[in-house]
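Here's the structure, in structure tokens; my notes come after.
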Amino acid sequence: MKVIFTDVLVIGGGLAGLRMGIGAKRRGHEVIVLSLVPPKRSHSAAAQGGMQASLANVIKGQGDSEDVHFEDTVRGSDWGADQEVARMFVNTAPKAARELAAWGLPWSRVTPGDRQVIINSQKVTITEREEARGLIAQRDFGGTKKWRTCYVADGTGHAMLYTASDRAICEGVEVHERAEAIALIHDGKRCYGAVVRDLITGELRAYLAKATAIATGGAGKLYRVTTNAVICEGIGHAIALETGIAGLGNMEAVQFHPTGIVPLGILVTEGCRGDGGLLRDVDGHRFMPDYEPEKKELASRDVVSRRMEEHIRKGKGVKSRFGEHLWLDITLLGRHHIEHNLREVKEICESFLGIDPAEKWIPVRPAQHYTMGGVRTNHTGESPHLKGLFAAGEAACWDMHGFNRLGGNSVAETVVAGMIVGEFIADFCDKPENTVAMPMGLVEEFVEREEAKLQALLNSKGSENAFKLNVEMQEIMIRSVGIFRNGDALKEGVEHLQKLLERSRNIGLTSKAPGVNPELVAAYRTQKMLKLALTVAYGALQRTESRGAHFREDYPHRDDQQWLKRTLSFWRDENATLPELQYETLDVMKMELPPGWRGYGAKDYIDHPDTAKRLGEIEEIKKRMESKDRFAVQEALMPFRDKLPGELRGLNERIDEPLNG
Amino acid sequence: MSNETLIIQTGLSERPRKSRLPARLDFLQSASGLFLALFMWGHMFFVASILLGKDSMWMITKFFEGYYVFGGKAYPWLVSIVVAVVAAVFVLHAMLAVRKFPINYSQFKLYRAHAKSMQHGDTTMWMWQVYTGFAMFFLASAHLYQMMVWPQDIGPFGSGGRMWVDGLWPFYLVLLLLVEFHGGIGLYRLAVKWCWPNCSREFLKKLKWAITAFFLILGFATLAAYMKVGYDYQENYKNGEHYTPTWAQQAREGAK
Amino acid sequence: MSNVQKNTASGGQTRQRMLTFHILRYNPKDPDSKPHMQSYQLEEAEGMTLFLALSEIREHQDPTLQYDFVCRAGICGSCSMLINGRPGLACRTLTKDMGADITLAPLPVFELIGDLSVNTGKWMRGMSERLETWVHTKEEEVNLSKAETRMDPELAEKIYELDRCVECGSCVAACGTAQMRKDFVGAVGMNKMARFKLDPRDERTDEDFYELVGDDSGVFGCMSLLGCHDVCPKELPLQTQIAFLRRKMVTIGS
């Protein structure tokens, strides 16, 4: 048995994992980052739009602050977010953007003077301030009151990932590439590391660490159609779940994006519709006005996605070898507009569809986009259930996104959580009581158990094909646990997934090829993914309300009275076919922003009994502190600053808010 | 032994500064190549003087022998000196260029397979650069040696006779092709490498082929002209005669 | 409505071509395995990329086939392979642009993991460590509460232009020098040097850069064959960047 010792084991080499690793390493701890692929190939690279940070440099961002960013984030979450964590996040986001700038990230910068932009399909001239010259620029994004999204041309995620990855190399953070954690080593109370499979040689190794952190990103591949990369299979979520101790939060909260191209699910920007593009069905009919006479194609993301799925269910989809789809028609915008304003869309259409979007319609279908749920953690990023286990980024339910994530907040969360959790991990490792003797007998047991599982798969005479089971799972998830959910379909979906999980215990392999053996990989991952799929489906079945991205046709209202709580799923019995669900209540009386209307979407919801009371309290505090500055008022409403690591508690300088001293 | 050497030898130098030699060698390879290529252009024009007549060629030859400087006396050893300088640059260029050659058969095999698979003009052209360069180690060396040792044999009869009577025209035909392809590709490579005068490979490639075509046509014509002179005056050559320019012949005949 | 007909007509009812994939197979972990070409037949589909084709082959014909895909959208650089002899991103290659016979092989130069999968990550990490591909500053800690240092917008754009490299390895696989010199930094490395030279936040001098690339495994090993420039999937201006670096480094050496 090969054993590798380190202080901090980070599972996942994307932005969150790398930033955590850098943080812990800078504090003097040995760090090993495990990555399925070379870290620079992580899915973080796909975040093209930008990162939200309230720098307020551009004129359309003037007046932006942590407060506005906080409100946007909480409203976006449909009040599912942990508001203290959201506060920690918005205070750190500008620091993260500035740290990346210092590390060499080529943020797009402000050019003072006039420029033309399109707002609500109207050409508008705006004038940037001279004081902002050369500072980081921000662009507009959905669901935000101010222009807050910092960007690097059309490759924000790529540039951020490269900057962070190169910084990790500079700091000497060790990265073990092509290594997959397949089980966490724990004794029921504390996590000691992971059993890891080498994806080149196929051998198993044990990595033992004081702190283990999961940063494996999303689980988009639970769905047949997703904008996620092929490695986003949620294995990090799954190994936490399989401990039987750690809980996953809000797994039913899954975001869909309306226009993923078919068959690949690659995203085409909302700008297509913003500029006047139309959605058409199999008959060439523009169907959105039938459902949403007011906003038509420009209704919010979740609404458009829902309507598109509804239309396909009515048999109006276009059938193709890769399933059904609808058409996005931007031919009416004209070649000039497409080649100048939608260049990226044009390139995607040419490279991946081989079509010219100025002449032909683009096949699109809503695609799974983001996993709000993840390994439940407290504000330090540590699992409240399993000591020594941390999580950050999309893999975590730290919980700043609640039931719906805002655009630009995902990539921001990766680096912000990486900074914050990295510090807390270092604190954890610094404490003498957390240096424990490794229970080598237990470690051996875990490695042997995993070895035996793999051997059993290799020797199995089973009749099930892993690839087929996986596809079947993905199709159930799209069909029953997709954009539109209802009790019957969910119940059927859960039952079907349960059967699949049972069948997955009877997978047989055709090849025993030494080395990585892709068929073996598909087999063990499918078994894990099915459990994860069940947490999503079962959580969705139990949640009898609609909140954020979770939409129940049979319970179309948000129900704060019953459901202002977070779902926790556990998998305590390995032979079970369903997770155990628990609920964690969100306390309205501690909220800085009590539940209300989001400012868009449905206006009717069922109020929580405490909401009115808390609103009264807030009113009174605000009145009492009228003469105080916004920081003092905020502090009185919901103190959070002392929850941040010391060095991240500072204020953020802006053109209109210079630092004193 | 210098102090620095001693320190490096004992492994104590913290960070010995990287040698500046590779930079100089890289520059010298380009510079020597440029010199040789430009020289070959000039050379081509000089030898092509035969196309204007034997007298023109004779005048060019004599010019290099100092005839017009030393008041009508020619010193062929002056040519030897020029040839020696060119030969020195040639050897230097060869030494520098050989650094880039495949150093063993397996490297050569790898490169050849790579070029075949890539189907990429610039990559394939480099193979030709290696082949032609390699061949010129021998052919150009032989020519340079001959010119250096027997400079007095350069002239309409001598040069023509070498082609025709001595049967060296196939040698010069091959050498012509080698020089023009190697030099043409080399100059193109130089421009691409330093991005000067222009970075556009499309443009540079066109220019390169135009220049190569021009010099090849000029070269073939020149070779043919020498062969004709060699054929017409084979007896003169065999008798060891040197060409006398027309005006001198007329003067001599006038004197008779 | 002509558009409908046009679109549905191309939507898959017409008969599709049968494609033959000739794939270089070899599993170095298997002592019985020898490098050989294996052929697979597959019916072409509308919009089929090599990613979709290889996935279908693995799922339905040969589960042992090894290859690397991550983003399948042309942004991560995982899937570069020799496609009909030339390096390119498989996920961005449409079968309809090719003949019915398609040859696939792993990238040369890099360590082979198996079949079409090569270890570009290890090579790239080595390159990054060797060339120190990060901004070098003397300042230890930045005050994160303070506003960021200003930068000329056009310069930021220029840096990003070079920062677009996805380290796919195509340039290295297309490089004549890299075939023969295993320690050659390749266009990817030289482009990075040019990128950091451009960045005012990096305090390294030309002398410092000379220490990193001033030899025959660096910029002076380059023979300007520019296979790199011609295969780069991000169309980076490699020719001008390498020439720029060469001129700077020669100046240092003189």
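The values are calculated or read from the model by the stated rules, or taken from the named source; none is laboratory data. Everything quoted here is computed from the prediction, not taken from an experiment. Note: ideal-geometry Cβ built from the backbone for every residue, glycine included; neighbour counts use all protein chains shown. Accessible surface areas use protein heavy atoms only, side chains included; no ligands, DNA or RNA. Shrake-Rupley method; radii C 1.70, N 1.55, O 1.52, S 1.80 Å.
For region B:192-214, does any single residue satisfy the condition of being over 20 Å from B:Thr61 (Cβ atoms), β-branched (Val, Ile, Thr), modelled with pLDDT of 95 or more and surrounded by 15 or more Cβ atoms within 10 Å (Cβ to Cβ)?
To start, the set of residues in region B:192-214 that are over 20 Å from B:Thr61 (Cβ atoms) comprises B:192-214.
From what is left, the residues that are β-branched (Val, Ile, Thr) are B:192, B:211-212.
Add one more test, that the residue is modelled with pLDDT of 95 or more, and what stays is B:211-212.
With the extra rule that they be surrounded by 15 or more Cβ atoms within 10 Å (Cβ to Cβ), the set shrinks to B:211-212.
Among the residues of region B:192-214, at least one is over 20 Å from B:Thr61 (Cβ atoms), β-branched (Val, Ile, Thr), modelled with pLDDT of 95 or more and surrounded by 15 or more Cβ atoms within 10 Å (Cβ to Cβ), which makes the answer yes.
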Tell me, please, whether a residue that is touching a residue at least 12 places away in the same chain (Cβ under 8 Å), open to solvent by less than 50 Å² (accessible area, probe 1.4 Å), within 7 Å of chain C (Cβ to nearest Cβ) and within 22 Å of the chain's Cα centre (by Cα) can be found in region A:133-152. yes
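Say whether the condition of being open to solvent by 80 Å² or more (accessible area, probe 1.4 Å), touching a Pro at 6+ places or on another chain (Cβ under 9 Å) and within 14 Å of another protein chain (Cβ to nearest Cβ) is met by at least one residue in region A:497-509. Write out each step before concluding.
Keep residues of region A:497-509 that are open to solvent by 80 Å² or more (accessible area, probe 1.4 Å), which gives A:499, A:502-503, A:505.
Checking which are touching a Pro at 6+ places or on another chain (Cβ under 9 Å) leaves us with none.
Checked region A:497-509: no residue is open to solvent by 80 Å² or more (accessible area, probe 1.4 Å), touching a Pro at 6+ places or on another chain (Cβ under 9 Å) and within 14 Å of another protein chain (Cβ to nearest Cβ).
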So which of C:Leu155, C:Leu162, C:Leu236, C:Leu225 ends up being in contact (Cβ under 8 Å) with a residue 40 or more places away in the chain and within 21 Å of B:Ala115 (Cβ to Cβ)? C:Leu225
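Which one of these is away from chain C (no Cβ under 14 Å), buried (at least 24 other Cβ atoms within 10 Å of the Cβ) and among the charged types (D, E, K, R): A:Asp82, A:Asp114?
A:Asp82
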Against the conditions (1) part of a helix (DSSP H, G or I); (2) in contact (Cβ under 8 Å) with a residue 60 or more places away in the chain; (3) away from chain C (no Cβ under 14 Å); (4) in contact with a Lys or Arg (Cβ under 9 Å, 6 or more places away or on another chain), where does A:Tyr524 fall short? Just the number, please. (3)
Test each condition in (1) surrounded by 15 or more Cβ atoms within 10 Å (Cβ to Cβ); (2) without any contact (Cβ under 8 Å) to a residue 24 or more places away in the chain; (3) part of a helix (DSSP H, G or I) for B:Leu38 and report the one that comes out false. (1)
Against the condition open to solvent by 20 Å² or more (accessible area, probe 1.4 Å), within 7 Å of chain A (Cβ to nearest Cβ) and either polar (S, T, N, Q) or free of Cβ contacts under 8 Å to residues at least 40 places away in the same chain (or both), how does C:Glu43 come out, does it pass? no
What is the residue count in region A:549-567 for residues that are assigned to a strand (DSSP E or B), open to solvent by less than 20 Å² (accessible area, probe 1.4 Å) and farther than 9 Å from A:Asp607 by Cα? 4
Could you grab me the full set of residues in region A:463-485 that are open to solvent by 30 Å² or more (accessible area, probe 1.4 Å), within 22 Å of A:Glu324 (Cβ to Cβ) and without any contact (Cβ under 8 Å) to a residue 60 or more places away in the chain? A:Lys468, A:Glu472, A:Arg479
Of all residues being free of Cβ contacts under 8 Å to residues at least 12 places away in the same chain and within 14 Å of chain C (Cβ to nearest Cβ) in region A:351-395, which is nearest to the chain's Cα centre (by Cα)? Just the residue, please. A:Ser351
Qualifying positions in region A:250-286 - within 14 Å of another protein chain (Cβ to nearest Cβ), open to solvent by 10 Å² or more (accessible area, probe 1.4 Å), closer than 22 Å to C:Ala73 by Cβ and not aliphatic (A, V, I, L, M): A:Pro263, A:Thr269
Would you point out the residue of region A:296-319, among those that are more than 27 Å from the chain's Cα centre (by Cα) and open to solvent by 40 Å² or more (accessible area, probe 1.4 Å), that is nearest to A:Gly260 (Cα to Cα)? A:Lys319
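Do we have C:Ser128 as surrounded by fewer than 24 Cβ atoms within 10 Å (Cβ to Cβ), polar (S, T, N, Q), more than 8 Å from every other protein chain (Cβ to nearest Cβ) and within 20 Å of the chain's Cα centre (by Cα) here?
Numbers: surrounded by fewer than 24 Cβ atoms within 10 Å (Cβ to Cβ): yes; polar (S, T, N, Q): yes; more than 8 Å from every other protein chain (Cβ to nearest Cβ): no; within 20 Å of the chain's Cα centre (by Cα): yes.
No, not satisfied.
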Among the residues of region B:99-124, write down those that are buried (at least 20 other Cβ atoms within 10 Å of the Cβ) and either part of a helix (DSSP H, G or I) or more than 9 Å from chain C (Cβ to nearest Cβ) (or both). B:Tyr111, B:His114, B:Ala115, B:Met118, B:Asp122, B:Thr123
First in region A:551-574 and in contact (Cβ under 8 Å) with a residue 40 or more places away in the chain and more than 23 Å from A:Glu309 (Cβ to Cβ), second anywhere and open to solvent by less than 10 Å² (accessible area, probe 1.4 Å) and of a type in the set (Val, Ile, Thr), Cβ under 7 Å, 6 or more apart: A:Asp560/A:Thr611; A:Leu564/A:Val588; A:Ser569/A:Thr535
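What are the residues in region A:379-413 that are β-branched (Val, Ile, Thr) and open to solvent by less than 10 Å² (accessible area, probe 1.4 Å), if any?
Going residue by residue through region A:379-413, those that are β-branched (Val, Ile, Thr) are A:380, A:411.
If the condition is that a residue be β-branched (Val, Ile, Thr) and open to solvent by less than 10 Å² (accessible area, probe 1.4 Å), then A:Val411 is the only one that fits.
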